[in-house]
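A.B. asks: Just passing along the structure, written as structure tokens.
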Amino acid sequence: MKTAMLASLAFIAFASAALAADQEPVVTPGPFSPPPAYPATVTPGPFEPPPAYSMAKVYNWTGFYVGINGGGGFGQGKWFDVPDDIGGNTSTSGSLGGGTAGYNLQAGDPLVVGFEADIDWADINGTATLPAVSTACSLSGAQTGCEFKVPWLGTARVRFGWAFDRILPYVTGGASFGLLKTATVGQPFGTNQTTNLGWTAGAGVEFVLTDALRAKVEYLHVDLNGYDCNVACSSPAGTGPVSFNPKVEVIRAGLNYRLWLY
């Protein structure tokens, strides 16, 4: 009897150890590791009833990501001819495309807080056509224009989103920076250029295509602040500068790839 009891206890201990070995180990992320994209699946035992409610997989947005983006920009550029005390607005338009990197933290369901930076090659330009009486941007008093361009553009922004499982609408805002170039159309005076720092704000929506791949569309208002074009936007006599303040409305789409998945 005693031998049978000891044998039974030994069998129960062995079976318990084997069952524990067959169970999926619990993965505990480190302090710098994101949680898994989906929670673990609950599998009932052979003698347990199924859960009262289905365990729906809820996407977790936490993690680093990289991506690409592309689209276009349009808007108005204010100009002011200093020596002639005249000014106006001119239309700007063009395309852009480049790369993105960022990090999301889903601190509390469904709030998602993140940081995103991007830099794009751009071909956004416009021309300020001044009156023939203007001494700036002119050659022998003939009417011409001052052309200005944005060859590249970047932003560094925070994002605040509200996750609906695999769909994340968000608002965003932060700093913008870009190269601004100006020149007098058709005149060999060279170019004037500067790198300006400004601000940007906008909104967008991002949605999951696969576990790792996501797509987004977004709108940004970009203000690169003003600057003065001197020699390149003056008459041969060098009578004075023309100031510009380009503002660009950016609409673009992108693909982001999440780097960490479990």
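The values are calculated or read from the model by the stated rules, or taken from the named source; none is laboratory data. In this text, all values refer to a predicted model and were calculated from it rather than measured experimentally. All Cβ positions, glycine included, derive from the backbone under ideal geometry; neighbour counts span all protein chains shown.
A.B. asks: In the stretch 135-159, which residue that is crowded, with 22+ Cβ neighbours inside 10 Å and at pLDDT below 60 is farthest from the chain's Cα centre (by Cα)?
C.D. replies: Only one residue fits best here, namely Ser138.
A.B. asks: How many of the residues making up the stretch 98-133 are of a type in the set (S, T, N, Q) and modelled with pLDDT under 90?
C.D. replies: 3
A.B. asks: Collect the residues in the stretch 225-262 that are modelled with pLDDT of 90 or more and under 25 Å from Gly178 (Cα atoms), keeping them in residue-number order.
C.D. replies: Val248, Glu249, Val250, Ile251, Arg252, Ala253, Gly254, Leu255, Asn256
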